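The values are calculated or read from the model by the stated rules, or taken from the named source; none is laboratory data. Since we're looking at a predicted model, the values are computed, not measured. Glycine also receives a Cβ, built like all others from the backbone with ideal geometry; neighbour counts cover every protein chain displayed. Surface areas here come from the heavy atoms of the whole protein model, side chains and all, with no ligands, DNA or RNA. Shrake-Rupley method; radii C 1.70, N 1.55, O 1.52, S 1.80 Å.
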Amino acid sequence: MPMQILWFRQDLRLSDQRALLAAVAAGPVLPVYILDDETPGLRPMGAASRWWLHHSLAALDASLRKRGNRLLLLRGPSAATLRALAASTGATRIHATTHYEPWWKAAQADLADLLTLHPGHTLADPASVTSGSGGRYRIFTPFWRALLNQMPPPDPLPAPQHIPATDGPDGDTLADWALLPTDPGWSTGFTAWQPGEKGAHRALKAWLPQVAGYETTRNLPSEAGTSRLSPHLHFGELSPATVWHAALDAAGKAAASFTRQLVWRDFGQGMIDTLPDSHWVPHRDAFARFPFRDAPADLRAWQRGRTGYPLVDAGMRQLWQSGWMHNRVRMVAASFLTKHLLIDWRRGEEWFWDTLLDADLGNNAMGWQWVMGSGVDSSPYNRIFAPVGQSEKFDAAGYIRRWVPELAPLSDTDIHAPWRAARPTAAYPAPIVDHAQARTRALSAYESIR
Ligand SMILES: Cc1cc2nc3c(=O)[nH]c(=O)nc-3n(C[C@H](O)[C@H](O)[C@H](O)COP(=O)(O)OP(=O)(O)OC[C@H]3O[C@@H](n4cnc5c(N)ncnc54)[C@H](O)[C@@H]3O)c2cc1C
């Protein structure tokens, strides 16, 4: 039977992997991952993503070896590298999962004569979620309603027991790629994660008993009230269909609030499919004129969690140390950067891109444009998250104690606003801006572009 290439990208799994099943059905398989920093327009992965990738590829190779195969590692521009590989090995077909990042779409188009694309990265093909007149949705709620018409997604398919191998080149080793960080002061907390398909299924299993309570726990950063599946989903170690079915089996109708968030992920993929520059270009033209401040010291204080606002600082330190941040805190921290400090949302988006383990072109750009108010579906411009009010409302005392330990001795009341405490905490900075003044300044900046 003719040899098949299986091209892995952000679908680093063997279960519910339609591209793999199609390749196995057609002939012996040569699975390949290409480290691509060269395709024109491609946005290289950030440092945290590279850490995850290293471990996820090691896990994928081990799983392939258990099934009689192995992972070939190559480096270069994807389309040219695959074409050369097909020519040198005599492979007749390349199988891959469809992706929506603009550079992946370009590579997919470039390889059209050789490539068979398979679904699975999203719950539904974003292009199939359309209005009655066939148009794509720009607003989440109608998108979600239309997508529900296609749910549940197809049942997940098991991994093949055996994946027949074939000869191929030796390729690189993971060590050649030096994906792991060299800065010893960073990434120390990443070891709490278990990248790879096994770790993803373990995280899903641990989460399922909590799905039914998600609506009440999801906004409480002091609790483990969300799934933390985002890096596993970004790298495709779990298919969204697998998560959807598992959540429904575990909680029935009470899974609705959680599965709705999975649809936000599909919405983000649809956004980059139709608005591919979303990480750079504001969806609303007026925002090109927004009077951002160039304030490197303030940007640095935000990045390092030293703004003097405990909830913001706890989030930014959680990000730095563990590679992840709670969603409620992402919104507050992003609002603080863009509205309290009037720093360009793209500086924040870039920082998240580099430091988040779940950094995702669609979700990250969507999150930042939503907070900035520049997105097609976004927060109203006059919604300025009050960092102290949010901290009190969502009971963040435990979260702050965990990530800003110098504030741990403060009472549950003072910890949200340490300047109110009878005795100041010497090691913790005073607020870098006054909330009321910053709010007024932000509102007038927004007025100026209306
Ligand atoms: C400024 C900002 C930047 C963000 N950047 C990213 C990013 O780079 N990558 C990323 O995956 N998410 C991003 N998000 C969305 C969200 O914060 C994370 O998906 C979520 O916190 C991940 O935690 P979880 O897996 O516990 O999510 P859960 O609450 O358990 O949700 C389950 C899954 O649904 C998806 N999801 C949940 N909320 C959202 C959302 N608002 N938008 C899109 N998908 C969602 C994720 O895949 C998530 O893993 C960002 C949000 C903001 C406000």
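None of GLY185, GLY135, GLY213, GLY199 is surrounded by fewer than 17 Cβ atoms within 10 Å (Cβ to Cβ) and under 28 Å from SER15 (Cβ atoms) except GLY213. Residue count for region 67-89 under the criterion of being under 29 Å from the mean Cα position of the chain (by Cα) and without any contact (Cβ under 8 Å) to a residue 12 or more places away in the chain: the result is 1. May I ask you to verify whether TRP320 is of a type in the set (Phe, Trp, Tyr) and within 14 Å of the ligand (Cβ to nearest atom)? In short, no. Here GLU38 fulfils each of the conditions (1) under 15 Å from TRP104 (Cβ atoms); (2) within 21 Å of the chain's Cα centre (by Cα) apart from (2). Contact map, region 180-205: residues that are at negative phi paired with residues that are open to solvent by 30 Å² or more (accessible area, probe 1.4 Å), Cβ distance under 6 Å, separation 6+ or inter-chain. Pairs shown: LEU180/HIS54; PRO181/ALA47; GLY189/GLN321; PRO195/HIS55. Taken together, ASP395, ASP412 contain a single residue that is on the phi > 0 side of the Ramachandran plot, surrounded by fewer than 16 Cβ atoms within 10 Å (Cβ to Cβ) and assigned by TED's automatic domain parsing to the domain that holds VAL332, which is ASP395. Note on region 17-118: enclosed helices (runs of 4 or more DSSP H) holding 2 or more residues that are under 21 Å from HIS232 (Cα atoms) and hydroxyl-bearing (Ser, Thr, Tyr) are 47-66.
Among residues of region 331-356 that are more than 12 Å from the ligand (Cβ to nearest atom), those with a Cβ under 9 angstrom from a residue that is of a type in the set (A, V, I, L, M, F, W, C) and modelled with pLDDT under 95, sequence gap 6+ or separate chain, pair up as LYS339/ILE384; HIS340/ILE384.
From the list ALA333, ALA386, ALA359, ALA314, the one residue that fits, being in contact with a Pro (Cβ under 9 Å, 6 or more places away or on another chain) and closer than 16 Å to HIS435 by Cβ, is ALA333. For region 357-380, the condition holds for no residue, the condition being that it is outside any helix (DSSP H, G or I), modelled with pLDDT of 95 or more, surrounded by fewer than 20 Cβ atoms within 10 Å (Cβ to Cβ) and among the small types (Gly, Ala, Ser). ALA87 meets all of the listed conditions (1) open to solvent by 50 Å² or more (accessible area, probe 1.4 Å); (2) in contact with a helix residue (DSSP H, G or I) (Cβ under 6 Å, 6 or more places away or on another chain) but one, namely (2). Which is in a helix (DSSP H, G or I), of a type outside the set (Gly, Ala, Ser) and either within 10 Å of the ligand (Cβ to nearest atom) or more than 16 Å from GLN10 (Cα to Cα) (or both), of ASP249, ASP273? When all the criteria are applied, what remains is ASP249. The single condition among (1) open to solvent by less than 30 Å² (accessible area, probe 1.4 Å); (2) more than 15 Å from the chain's Cα centre (by Cα) that ARG383 does not meet is (1). Of everything listed in (1) surrounded by 19 or more Cβ atoms within 10 Å (Cβ to Cβ); (2) closer than 22 Å to ILE272 by Cα, the single unmet condition for ILE94 is (2).
Residue check, PHE292 against (1) closer than 28 Å to LEU42 by Cβ; (2) within 16 Å of the ligand (Cβ to nearest atom), all met but one. Which one? Failed condition: (2). Candidates HIS162, HIS245: the one that is touching a Lys or Arg at 6+ places or on another chain (Cβ under 9 Å) and surrounded by fewer than 20 Cβ atoms within 10 Å (Cβ to Cβ) is HIS162.
For THR92, the test of being modelled with pLDDT under 95, of a type outside the set (D, E, K, R) and more than 26 Å from the chain's Cα centre (by Cα) is passed.
Entry remark, region 313-329: residues being surrounded by fewer than 24 Cβ atoms within 10 Å (Cβ to Cβ) and in a helix (DSSP H, G or I) number 7 in total.
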